[in-house]
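Taking it in order: structure first as structure tokens, then the write-up.
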There are 2 protein chains.
Amino acid sequence: MTEPRRDTNWWGWGDPMRRTELDATALGVLRERIGELEPWPLAARIEDFELPAARPLPRAAVDAVGAEAVFDSKEDRLRHARGSGYVDLARMRSGRLENAPDAVLVPADAAAVGRLIDACAAHGVAVVPFGGGTSVVGGVEPLRGPHEALISLDLTALREVVVDETSLTARLGAGLRGPEAEAALGAQGLTLGHFPQSFEYATIGGFAATRSAGQASSGYGRFDSLVSSVRLLAPAGNLRTLETPHTAAGPALRDLVIGSEGTLGVIPDVTVRVRPAPPQRRYEAWMAESFEAGREIARVLAQGPGLPTVIRVSDEEETVGSLALSGPRGAAGKAFGAYLKARRRAGGALMIVGYEGTEEALTRRRALTVRALRAGGAVYLGRAGGRSWEHGRYGGPYQRDLLMGMGAMVETLETSHTWTRLGELHRAVGAAIAGTLDGEGTPGLVFCHLSHAYADGASLYFTFISRARRGAELEQWTAVKRAASEAIVAGGATITHHHAVGRDHAPYMEAEVGETGLDVLRAVKERLDPTGIMNPGKLLP
Amino acid sequence: MTEPRRDTNWWGWGDPMRRTELDATALGVLRERIGELEPWPLAARIEDFELPAARPLPRAAVDAVGAEAVFDSKEDRLRHARGSGYVDLARMRSGRLENAPDAVLVPADAAAVGRLIDACAAHGVAVVPFGGGTSVVGGVEPLRGPHEALISLDLTALREVVVDETSLTARLGAGLRGPEAEAALGAQGLTLGHFPQSFEYATIGGFAATRSAGQASSGYGRFDSLVSSVRLLAPAGNLRTLETPHTAAGPALRDLVIGSEGTLGVIPDVTVRVRPAPPQRRYEAWMAESFEAGREIARVLAQGPGLPTVIRVSDEEETVGSLALSGPRGAAGKAFGAYLKARRRAGGALMIVGYEGTEEALTRRRALTVRALRAGGAVYLGRAGGRSWEHGRYGGPYQRDLLMGMGAMVETLETSHTWTRLGELHRAVGAAIAGTLDGEGTPGLVFCHLSHAYADGASLYFTFISRARRGAELEQWTAVKRAASEAIVAGGATITHHHAVGRDHAPYMEAEVGETGLDVLRAVKERLDPTGIMNPGKLLP
């Protein structure tokens, strides 16, 4: 029997023992830019938390997995009632949730998942597939729709790893967290190479269901490009795609399952392409003249000799903010500032560039990259900045918890567009966020970076921080999110490059795929999930 | 007004003025291996050809495009009545076709395509989208299904090229032939890099509709990976995907349209990623110890330092056959044979390896590739063999016409699988083909090569040549095709790596995608094409 995981911070992110802090310099900058904050404490402990009463489950659902695999304590229901977006976390601070699963069920294997889905379909029980609970777009919110009851289908027990060392593929159970998958592969000298910010807690099934992209996607590819084949257990039947490297046999069903966000069925496992673990890694920092100049370097690399494993370009605001919040301090900080001024790169755009591979491949790749960096006017800042990024690469969510506790709204959103349209999109979305924050009376910091580059374009990742409008936190968030989303849609960009759709982006799906596109997605949904029990209220408006 | 193209050989492949020949050595080998052939002449000229009577079109269909865009001469109907597979060509030799379009309509632009589809949907007229007519799986066979009339919707007029030089994308009209697209891109120093054997006559729309892969797909990527966005004009509405480099907004509708083979609607244009045209190209020949050793070299490259632009490994049979049919002759041939013997590579596996790019990139790529080739025991044969491959790379279909005229059955089929399963698949499919040919009393040559390599596996491409069983040509072909397809399915491989499904592979789609997969594809079809007018009888069984 496998229990649901209870090792994370129940009201926030990750390791409950990990502490993160801001020093006086950082606090000074924050105060200067967003004003005084009023602490935002948790309103309740687990035992006092208000959850809706659990409704009873049909016997068949319990029988499908066995009574020992059904968990309905307040803690388990609470832990499965949310993802990790600002809305979820703000609600957690309120001490009260309107929606929670009636129970958490942990099927022991794919066969039990299949039985459970069948039972839920037969008895009209809504099913929210649950991996790591790291969705930042409301992807696991327990919305029961027209159904009587709702369960959280926790995939924790599905953690098998089967490696084919000749073909370099691995079938990975949906419930494996990122580090678990990497550890199993690493024991055979292999890596998947998928490292999103949520890596430490997100799961393989979630990566597939949300079409995830990692920080090293320039080098290893997005998760969807790593998937060789996939299975789907749906109310109306099961799908599996062949484990062949490619097929031209019609439309790609694989790409219907990937990105389906639990609305069509459950992905019990995924077969992915793996590769030898890189013996060497090197991350370094550079300073471009401007965000535009940094973007241009990324474009030249993506369209020419190829990209390094990691490439990230912060805009000028994010560069200033990053240095203020976590840059070098004291004498080192002064020397760094003097260096930038001497090289005329004060006010520039910070770039993180990373290389992974054999010594030989790394050296070759670095030589090509450095040539483009220098030709584009970037100045080398050394490896300390790269190590600092590496050290903090999974730390964002901890910092968000800290800032929220201090009274801040902290949120991120992302999009992508062609190189031709990227500059204008950056200005428009940044202005929409900043303008709305101003309008709310909570002027804020608006950061942006490019972190996924392609031959034809790149992603833009925005972070904004402002004072939370206490008592109206969700209204404030909604206003900013809407303004940013409308600017994205107006620019012809995608509503999400890698956060997925979930609850938050569903209203923009018609702009994304058009009326006929929605019709097609609905047709697929109706065929696979005729009674609509799978993850209601997500993906489709 | 645009007329349908009439520049190709009406009964066979390509340029009607191009002649291809076999010398005495080649003829001797053929006779020795497959026996004496009885010439197979054409039974009729165009004017004597028997076609079913054309049924009248509804007024609305004619009005949608204008009367001047409707062509119903015997020649135009005949030219649009077939693709380029063995079945099609054998029927052409018979002087009689059971199916032909009632007319060929050539809409002037995408708007006219839309109007035509609407008119056909309203009046129950079947529509076969027609690009280059190069399908080798019956993809354009005029099967009217339950409908009264059938038109061939010729996309020749849709040949616009719109390049975005910053993002390196190009919107290409569906009716552009490969060389037309390359010429337009080449004028701006760019290339698409998609060179399937059908390149000279196949069209952009066809590449997208069939999920095509080119001979240089190792370097440039398959066509599906080059597509940035796509449009579909369907009876129930129009689809378009955003021109962004990537999106995580749900299932990928792009990958439903790609590979839809005209069964969902018409693809009027495709936006593709392009890149700088390579200033240098170098193709060379190597000889591996065996097919297995050559495959292993391809695997090492695909899983390690990366692939060259072109990699092709012939099995031992194909190597012997290629050298016999078009290898060096006379003194050069003797010297070549002696060289192979001295290097202990007589009886080995011929490899073609190609590099394209800047001088620097080519040199770098070649150094990595040569290292793997030598480590894998391959022996360098020089550039003459590479040039010979380059010279003949689009010549296969001409040679097939020649051999069919001499009385041979010549057909190709292909599949793909993981590296782990590739050796067994090669043996099983080869044995199925050879055994069935023997059983038909027409023992033949069975060649195979690997031509598309991936980190996790590769494609296998089989060619077989035997005496045609005159009077029972299609029965003979059906027996061999069925045996090969069943061996592929039994091996868990895909029924097609890049030829698509069409009419010939539709019976194997359930093995490919399962019952639920078929259900999903049917649901999409029913939503987009509720009256089933789009390319009946293809893709779905």
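Computed values, structure above
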read-out	value
Segment B:247-275-segment A:1-64 distance, computed between alpha-carbon centres (Å)	41 Å
For chain A, calculated [θ]222 nm from helices alone, where every DSSP H run of n ≥ 4 adds -39500 (n - 2.57)	-11500 deg cm²/dmol
Proximal lysines relative to B:Lys538, as straight alpha-carbon distance under 18 Å, when same-chain residues fewer than 8 apart are discounted	B:Lys481, B:Lys525
Counted charge near B:Asp255, where neighbours are those whose Cβ lies closer than 13 Å (Asp, Glu -1; Lys, Arg +1)	+2
Under 5 Å, built H, 5+ apart or other chain: amide partners of A:Glu50	A:Arg96, A:Leu97
Cα-derived Rg to Rh of segment A:1-88, Kirkwood definition	1.13
Selection from B:Leu153, B:Pro443, B:Gly405 lying farthest towards where the dipole of chain B points positive, charges on Cβ	B:Pro443
Cα shape, segment B:177-266, gyration tensor, a/c 1.5 rule	prolate
Geometric extent, Cα atoms of chain B - Rg, Dmax (angstrom)	23.0, 73
Rg/Rg_globular for segment A:128-277, with Rg_globular taken as 2.2 N^0.38 Å and Rg from C-alpha atoms	1.01
For A:Glu486, inter-copy label distances in nm, listed shortest first [label point 7 Å out on the Cα-Cβ vector]	6.4
Loop-located GluC sites (Glu not before Pro) in segment B:35-67, at most 15 other Cβ atoms within 10 Å (DSSP)	B:Glu36
Computed E for B:Glu47/A:Glu515 - FRET, C-beta separation, R0 56 angstrom, nearest 0.05	0.70
Chain A: angle of helix A:396-406 to the longest principal axis, Cα-based, in degrees nearest 10	90 degrees
Degrees separating the helix A:383-392 axis from the principal Cα axis of chain A, which is the longest one	20 degrees
Label-point separation, A:Glu486 to A:Glu359 (7 Å along Cα→Cβ), nm	5.9 nm
Rough spin-label spacing in nm, given labels placed 7 Å along Cα→Cβ, for A:Ala367 and B:Ala375	1.8 nm
Debye, to nearest 20: dipole size of segment B:384-506, +1 on Lys, Arg Cβ, -1 on Asp, Glu Cβ	160 debye
Inter-copy separations for A:Lys334, label at 7 Å along Cα-Cβ, nm, ascending	8.8
Cleavage-rule hits, GluC sites (Glu not before Pro), segment B:153-211, DSSP coil, Cβ neighbours within 10 Å at most 15	B:Glu165
Net dipole in debye of chain B [+1 Lys, Arg Cβ; -1 Asp, Glu Cβ; about Cα centre; nearest 20]	1520 debye
Estimated Rh, segment B:301-443: Kirkwood, alpha-carbon pairs, angstrom	17.7 Å
Förster-model FRET efficiency, 51 Å R0, A:Leu22 and B:His391, C-beta, rounded to 0.05	0.15
Shielding by partners - mean other protein chain Cβ count within 10 Å, residues of B:160-167	4
DSSP-loop trypsin sites (Lys or Arg not before Pro) across segment B:312-384, with at most 16 other Cβ within 10 angstrom	B:Arg329, B:Arg343, B:Arg344
Within chain B, percent of DSSP bridges classed antiparallel, to nearest 5	85 percent
Cα lying deepest toward the dipole's positive end in chain A, options A:Gln188, A:Leu539, A:Gly132, charges on Cβ	A:Gln188
Kirkwood Rh, angstrom, segment A:120-197 [1 / mean 1/r, Cα pairs]	14.6 Å
Estimated inter-spin distance, B:Thr166 and A:Trp10, nm [label 7 Å along Cα→Cβ]	5.2 nm
Per-selection Rg to Rh, segment A:431-474 - Cα, Kirkwood hydrodynamic radius	1.15
Given charges at Cβ of Lys, Arg, Asp, Glu: chain B dipole, positive-most of B:Gly385, B:Leu518, B:Leu105	B:Gly385
Total formal charge among the other residues, if their Cβ is under 13 angstrom from that of B:Glu47, Lys/Arg +1 and Asp/Glu -1	0
Ascending list, in nanometres, of distances separating the B:Glu526 label from those of the other copies (7 Å, Cα toward Cβ)	0.8
Inter-chain Cβ neighbour average for residues B:224-233, partner chain, 10 Å	2
Dimensions in Å of segment B:39-146 - Rg and Dmax from alpha carbons	14.5, 48
Hull volume in cubic angstrom per residue (convex hull over the Cα atoms of the protein assembly as shown)	163 Å³
Separation between Cα centres of segment A:321-337 and segment B:342-367, rounded to whole Å	51 Å
DSSP-defined antiparallel bridges as percent of all bridges, segment B:109-187, nearest 5	40 percent
Solution diffusion estimate, µm²/s, Stokes-Einstein, segment A:46-97, Kirkwood Rh from C-alpha pairs, 4 °C, viscosity 1.567 mPa s	103 µm²/s
Distance from segment A:172-211 to segment B:66-114 (C-alpha centre basis), Å	52 Å
Cα long-axis angle, helix A:24-34 against chain A (0 to 90 degrees, to the nearest 10)	80 degrees
Inter-chain shielding of A:452-460 (mean C-beta neighbours from other protein chains, 10 Å cut-off)	6
Simple Cβ-charge dipole of segment B:138-178, Lys/Arg +1 and Asp/Glu -1, about Cα centre, in debye nearest 20	80 debye
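Laboratory data are not the source of any read-out in this text; all were calculated from the coordinates shown. If you're wondering where the values come from, they're calculated on a predicted model, not measured in any experiment. Ideal geometry is used to build each Cβ from the backbone, glycine not excepted, and the neighbour counts take in all protein chains shown.
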